[in-house]
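The values are calculated or read from the model by the stated rules, or taken from the named source; none is laboratory data. Note that the structure is predicted; figures quoted are calculated from it, not measured. Here the Cβ positions follow ideal geometry from the backbone for every residue, glycine too, while neighbour counts run over all protein chains shown.
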Amino acid sequence: MEITLVLGVPLIGGLLLALTGHKRYAAELNALMSLATFVAAALLTGRVIADGPMTALHEQLFIDPFNVFLVALTALVAFTTALFSRPYMRIEQHHGRLNAARLRLYHSMYQLFTFMMLLCLLSNNVGVLWVAMEGATLTTVLLVSLYRTPASIEAAWKYFILCSVGIAQALFGTILLYFAAERVLGPGGTALLWTHLYAVRHQLEPTVVSLAFVFLLLGFGTKVGLVPLHNWLPDAHAEGPTPISAVLSGLLLNVALYAVVRSKVLVDGALGRNFSGDLMMGFGLLSLVVAAFFLSRQKDIKRMFAYSSIEHMGIVTFAFGMGGPVAAFAGLLHMTVHSLTKSAIFFTVGHASQKTGTQNMADIRGLIEQSPTIGWGLVLGSLAILGMPPFGVFTSEFMVLTTAMHEHPWATPFLLVALGVAFAAIFGKVQPMVFGETTARRLPHPPALVPVFLHLALVLLLGLYIPPYLVEWYRQAAAFIG
Amino acid sequence: MSLANQIVNLLAALLLLIAFAMLSQRRILTLIKLLAWQGGALAASTAIVAYSTGQPHLYFSAGLTVALKVGLIPWVLHRLIDRLNVRWDIETLINIPATMLIGIGLVIFAFALATPISQMASVFTRSTLGIALASVLLSFLMMIVRRKAVPQVIGFLAMENGLFFAATSATYGMPLVVELGVALDVLVGTFIFGIFFFHIREQFDSLDIRHMEKLKQD
Amino acid sequence: MNLSAGIAFQVLQSVFVVLAAPLLMGWVNQCRAWLQNRTAPSVLLPYWTLAKLFHKDAVIARDASPLFRLTPYVLFGCMWLAAGIVPVLATGLPFAPAADIIALVGVFALARVFSALAAMDIGTSFGGLGARREMLIGFLAEPAMLMTLFTAAFISGSTQLTTIVDTLAHRAFAIYPSLAFAGAAFLMVLLAENARIPIDNPTTHLELTMVHEAMILEYSARHLALIEWAVAIKLFAYMTIGIALFMPWGIAAAGDWSALPLAIAALLAKLALAGAALALLETLLAKLRLFLAPEFLSAAFLLAVLGMLTHFLVQA
């Protein structure tokens, strides 16, 4: 019941806003629908706390400790981003970058995008997951190209082509998976259901499943932004509206990684060795190192934080690749805190670039003088994402690092160097933007700062204290991921 | 081997041949025609698999293939290039014989990859998986070596055809809900591509994606 | 099978090939004329041409070496030998075991080398030009031809043409996708090797485009007649190879006199069909620029390789 509610609300919201998205109250309606989604997700979470995992709709939907917290996180970030997007898009409209028709498209697609991501997470069917993932790509392509500038069209085209190609590989992987599964489960609907697949994972044909995993990793890895499949990511983040950068980084990458990890569990069961883990460790480490070195070369503030997202996805992929309860726990925690922190950063970055009228970091100066809250938000967010204690990112990165030292000592220097380089790059660029002579001007609308500090407070909280039921989910999910 | 089986094999070979023909083709109208033919071969093989395995939902997806991939999408593409007035010959990044040789390499790679799987396939057709993978890779190659936006999209659709072939012929077809979803995605994707052509031309005065290299890696 | 019957069959086939080849040429020309809305020449025109040429006095350049005189005979001999090897009317002929498909391609290559050498022998610019072009086409066409034949050889497990035909003619009905690929490739090679459109135009003497005609420009009278005859036999041989590989039904076994009338009738029908198809193709296609010939032939090679790959994957 709650599951259908979680999916139904954003779908209805998307249709509703397709009709009314250009009206004056559309931004409020958008936020309201997202709030309703969040409430539904909270109800669902409460239900899971009370009753444990469940399936719905003839087993087509399911919820377990692994996806429940991602659903809650997705609904939360979608809601806070909707709050942020209300003043942000008003200001954009005020600046004349958008008209009412575009806003209608924006609001409608925003809700549909939320729906697609929740469907990815909740779907028990691998094929439906694929369809929803492609749907999420299509909706975000329209969102990235919203401004219709040459740069945004180029970014959206690149995003579209690369992700469509990538996702096509994932479909081939899905077909191979079905091919392997139907020999065990028989043809028909059940051969693509995660729950059934997990039950028989030890009987699946190893050759087919490992090949399927390679394709799935390539396909969904493109959406995760793993190097060398990451080319679309900085462009799409930099050229789209900032709320979209926030949800791309904070949510879409997580969801894609979720799909990879789900497939990994299957393959590990079938193969009985860490084939998938090695692949993921390799890709993760490569992404981490490459992104860290690209960070210092960035001039555009949104591009820089996009590379930072690649870097953090690299860390999470690496953590899941190492496997074991501690690393998987750290990976799950890092997914949570990264998406909260990164979306908070994008909120402040969005307002900062609106204030200064540019995304070029050399031209953004003295934020703190004109608007202390935005300036401090950016500083705190950057410190959090760089893994300073006592924020939650520190906890998860520390766990990843210690596990790596213990089990894969060869990887430690790479991790340390990459983290150090990233620290120097981001801190060196954020510091002058925040302090010094100001170039900022007043905004026609008050900025939305509640989401920023809400997210940062949550990240701080997770650094100091993790609620017991969350620990329990992480534990169970980590045990499941292995 | 039964007759149905042989015909599916023949259609599989035809699919591969069309993928190569697309790779070697310089004219955009011919490319669209080839795409429609590929859709036709796909639909025929789906229908035969449906007939010989007695799975009614495959008839449905064969019909869907005909409607979408033989009818609607080629028609939309025709309309688009009429409206955009683009009938140029396509420039390729690598010359065509070299592309063909790379293509052969890809086919060998795909076959090598698929052989261990085909060995254990006691199902209807053991060959189709390799051929499907090969045509996916060939379409991928086509997307890489073509410089214009429309051929890239045709490459994408051809890739989808290859995947669909893998789904129907190698595995008796995925569950219907998945097939419907995939078809919907392809359809929506094509329309978005179509809208994009206009945006790109409006912004760059050309459909040549060489103009779209402003956002460099840095 | 007794030996005398076999030899009788072999002789019969050889004579038949030599006599029927100009007829095929005439038939192709006639079909082409019909398709192009021209008044068709007689089917027998090639015979008259040959007869006319044999009655003329040969003119030979002063600097011509013996190779130049020898070449027409070598060409004629090679083609006749090739046509003798191919199971045209019957399988299991006495000569057949002596040569398999690789030797067959070798015989064609030998003819090619001689004609190129002879073309360069006189030292005219056209000869050298034609020879160079011929070698360019030849070195691209040969691998494609071999690949095509190998595909068929893999199916029957032997490189003996007669075994291949036996296997293919007497199997249960089956569709071989690999043979379809090979057939398309073979057709392309046939067009290129026999100097047909789209690679060469047998009816033109335009120096920019001609390949084969440029090589034989210096020949006259009986030498020219032998070469023309050899060309006709070559086309005949290629067509019969194609028929043998891709539609071998109705062929007789050596010594089986009762099957012979049927075999001849089937062969004539198939040749008539193939000749008409060739004329149709030549009418529909335009000649390619010479620089596109490598592309055409690499496509043929590609098809042949694909056929072989398909054979391995599909096992059919």
Within segment B:169-184, the count of residues that are at the interface with chain A (Cβ under 7 Å from one of its Cβ atoms) and assigned to a helix (DSSP H, G or I) comes to 5
Filtered residues of segment C:172-225 (kept if part of a helix (DSSP H, G or I) and more than 21 Å from the chain's Cα centre (by Cα)): C:P177, C:S178, C:A221, C:R222
Is it the case that segment B:125-141 has a residue that's surrounded by fewer than 24 Cβ atoms within 10 Å (Cβ to Cβ), at pLDDT 85 or above and within 9 Å of another protein chain (Cβ to nearest Cβ)? yes
Just for helices (runs of 4 or more DSSP H) wholly inside segment B:31-123: which have at least 1 residues that are small (G, A, S), closer than 28 Å to A:P206 by Cα and modelled with pLDDT under 85? B:96-120
Within segment A:346-384, of all residues that are assigned to a helix (DSSP H, G or I) and of a type in the set (S, T, Y), the one surrounded by the fewest Cβ atoms within 10 Å (Cβ to Cβ) is A:T373
Find the residue count for segment A:385-407, including only residues that are buried (at least 18 other Cβ atoms within 10 Å of the Cβ) and of a type outside the set (D, E). 14
Go through segment C:152-171 residue by residue and tally those that are under 19 Å from the mean Cα position of the chain (by Cα), part of a helix (DSSP H, G or I) and among the β-branched types (V, I, T). 3
Quick check on my filter: what residues within segment C:271-297 are surrounded by fewer than 20 Cβ atoms within 10 Å (Cβ to Cβ) and farther than 24 Å from C:L35 by Cβ? C:L290, C:F291, C:P294, C:E295
Hey, does segment C:73-81 have a residue that's closer than 23 Å to C:E213 by Cα and either among the hydroxyl-bearing types (S, T, Y) or loosely packed, with under 15 Cβ neighbours inside 10 Å (or both)? yes
Only one of (1) over 26 Å from A:L177 (Cβ atoms); (2) of a type outside the set (S, T, N, Q); (3) away from chain C (no Cβ under 14 Å); (4) touching a Leu at 6+ places or on another chain (Cβ under 7 Å) fails for B:L93. Which number is that? (4)
Could you tell me whether B:R26 is touching an Asp or Glu at 6+ places or on another chain (Cβ under 7 Å) and surrounded by fewer than 19 Cβ atoms within 10 Å (Cβ to Cβ)? yes
Here the residues within segment A:262-293 that are under 22 Å from the mean Cα position of the chain (by Cα) and surrounded by fewer than 24 Cβ atoms within 10 Å (Cβ to Cβ) are A:R262, A:V265, A:G277, A:L279, A:M281, A:G282, A:L285, A:L286, A:V289, A:V290, A:F293
Of the conditions (1) surrounded by 19 or more Cβ atoms within 10 Å (Cβ to Cβ); (2) modelled with pLDDT of 90 or more, the single one that A:A477 does not satisfy is (2)
Consider A:L279 carefully, then state whether it is out of contact with any Lys or Arg (no Cβ under 6 Å at 6 or more places or on another chain), over 21 Å from A:Y159 (Cα atoms), more than 14 Å from chain B (Cβ to nearest Cβ) and touching a residue at least 60 places away in the same chain (Cβ under 8 Å). yes
All-but-one check, A:A155 against (1) more than 8 Å from every other protein chain (Cβ to nearest Cβ); (2) touching a residue at least 40 places away in the same chain (Cβ under 8 Å); (3) crowded, with 24+ Cβ neighbours inside 10 Å; (4) not polar (S, T, N, Q), failing number (1)
Taking segment C:197-234 only, how many residues are modelled with pLDDT under 80, among the charged types (D, E, K, R) and out of contact with any helix residue (DSSP H, G or I) (no Cβ under 6 Å at 6 or more places or on another chain)? 2
Testing A:M116 on (1) surrounded by 24 or more Cβ atoms within 10 Å (Cβ to Cβ); (2) facing another protein chain (nearest Cβ under 7 Å), one condition comes back false. Which one is that? (2)
Inside segment A:161-201, can you point out the residues that are at the interface with chain B (Cβ under 7 Å from one of its Cβ atoms), closer than 27 Å to A:L229 by Cβ and of a type outside the set (A, V, I, L, M)? A:S164, A:F172, A:Y178, A:F179
Filter segment A:207-229 down to the residues that are within 10 Å of chain B (Cβ to nearest Cβ) and at pLDDT below 90 and list them by number. A:T207, A:V208, A:L211
Of the residues that make up segment C:4-23, is at least one outside any helix (DSSP H, G or I), surrounded by fewer than 13 Cβ atoms within 10 Å (Cβ to Cβ) and not hydrophobic (A, V, I, L, M, F, W, C)? no
Taking segment A:185-236, which residues are surrounded by 24 or more Cβ atoms within 10 Å (Cβ to Cβ), in contact with a strand residue (DSSP E or B) (Cβ under 9 Å, 6 or more places away or on another chain) and in a helix (DSSP H, G or I)? A:L192, A:P234
Checking the condition at pLDDT 90 or above and either out of contact with any Phe, Trp or Tyr (no Cβ under 7 Å at 6 or more places or on another chain) or of a type in the set (A, V, I, L, M, F, W, C) (or both), which residue from A:A362, A:A424, A:A440 passes? A:A424
Restricting to segment C:270-287, what's the tally of residues that are at pLDDT below 85 and within 15 Å of C:A244 (Cα to Cα)? 0
Looking at segment A:434-452 only, could you name the residues that are more than 12 Å from A:Y88 (Cβ to Cβ) and part of a loop (DSSP other than H, G, I, E, B)? A:F435, A:G436, A:E437, A:T438, A:T439, A:A440, A:R441, A:R442
Looking at segment B:11-34 only, could you name the residues that are farther than 14 Å from B:V86 by Cβ, more than 8 Å from chain C (Cβ to nearest Cβ) and of a type in the set (A, V, I, L, M, F, W, C)? B:L11, B:L15, B:I18, B:A19, B:A21, B:M22, B:L23, B:L34
Test for A:F84: is it more than 30 Å from B:G130 (Cβ to Cβ) and either of a type in the set (S, T, N, Q) or in a helix (DSSP H, G or I) (or both): yes
